[in-house]
1. Using a 1.4 angstrom probe on the protein heavy atoms only, could you order 140, 120 from most to least accessible area?
2. Scaled to the compact-protein estimate 2.2 N^0.38 Å, what is the alpha-carbon radius of gyration of the stretch 19-71, rounded to two decimal places?
3. Quick check for you: with a 1.4 Å probe and neighbouring chains kept, what is the accessible area per residue of the chain, in Å²?
4. Would you grab the residues whose amide H sits under 5 Å from the one on residue 125? Only those 5+ places off in sequence or on another chain, please, with H modelled 1.01 Å from N.
5. Let me know the shape class of the stretch 1-93, please: from the alpha-carbon gyration tensor, a ≥ b ≥ c as square roots of the eigenvalues, rounded when a/c is under 1.5, otherwise prolate if a/b is greater than b/c, or oblate.
6. By DSSP, what percent of the beta bridges with both residues in the chain are antiparallel, rounded to the nearest 5?
7. Tell me which lysines have Cα within less than 24 Å of residue 126's Cα, excluding those fewer than 8 residues away on the same chain?
8. Leaving ligands, DNA and RNA out of it, report the carbon-plus-sulfur percent of the accessible area of the chain at a 1.4 Å probe.
Amino acid sequence: WPPFRVTDVSRTPPVYEWLAKQPGDFAIAEYPLSNNYEYLFWQRIYQKPLVNGAASGTYADAVRKEIVDITNPKTAGILRWLGAKYVIFHPGNYLRENEATAVIGQIPDINRVTGLRFVREFGKVKVYKVVAKAVKPGVRQSF
């Protein structure tokens, strides 16, 4: 459907090349937290677990709903509990992702989020390290 979206796959975005060089076994969270197919496509480059995405109605989906707002004071701690070391922040996607946030078109001020520390910027994409203490999600695993 129009407007047509095209993903240029001729060059790997530098943020994913950088992630591929980071040692260790850890997860990544890309924000806005959505089932964005580009996130999944580039995961093949850095080969780390990705927090994004969950089947509707599952425990994982309930946890996803709890961390969808990056500015929620509990989000960074839950991301740590999930094993996330880095948050890849795509501010431009907040202008178009319909499941990303309650307020489409509003880019959250991630620099004020406690538990995240700025690491690098790759053009408009920013990388933050999750430095919060692990916090277990408040949802119960009753699915």
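The values are calculated or read from the model by the stated rules, or taken from the named source; none is laboratory data. The structure displayed is predicted, hence computed values, not measured ones. Cβ atoms come from the backbone with ideal geometry, glycine included; neighbour counts cover every protein chain shown. Areas reflect the complete protein model, heavy atoms only, side chains present, ligands, DNA and RNA absent. Shrake-Rupley method; radii C 1.70, N 1.55, O 1.52, S 1.80 Å.
1. Details: 140 195, 120 100 Å².
Ranked list, largest accessible area first: 140, 120.
2. Numbers: Rg = 11.7 Å, N = 53, 2.2 N^0.38 = 9.9 Å.
It is 1.18.
3. Numbers: 8580 Å² over 143 residues.
Accessible area per residue: 60 Å².
4. Long-range HN contacts for residue 125: none found.
5. Details: a/c = 1.85, a/b = 1.21, b/c = 1.53.
Verdict is oblate for the stretch 1-93.
6. Details: 10 of 16 bridges.
Antiparallel bridges make up about 60 percent of those DSSP assigns within the chain.
7. 21, 48, 65, 74, 85
8. Values: 4480 of 8580 Å².
Heavy-atom surface of the chain belonging to carbon and sulfur, 1.4 Å probe: 52 percent.
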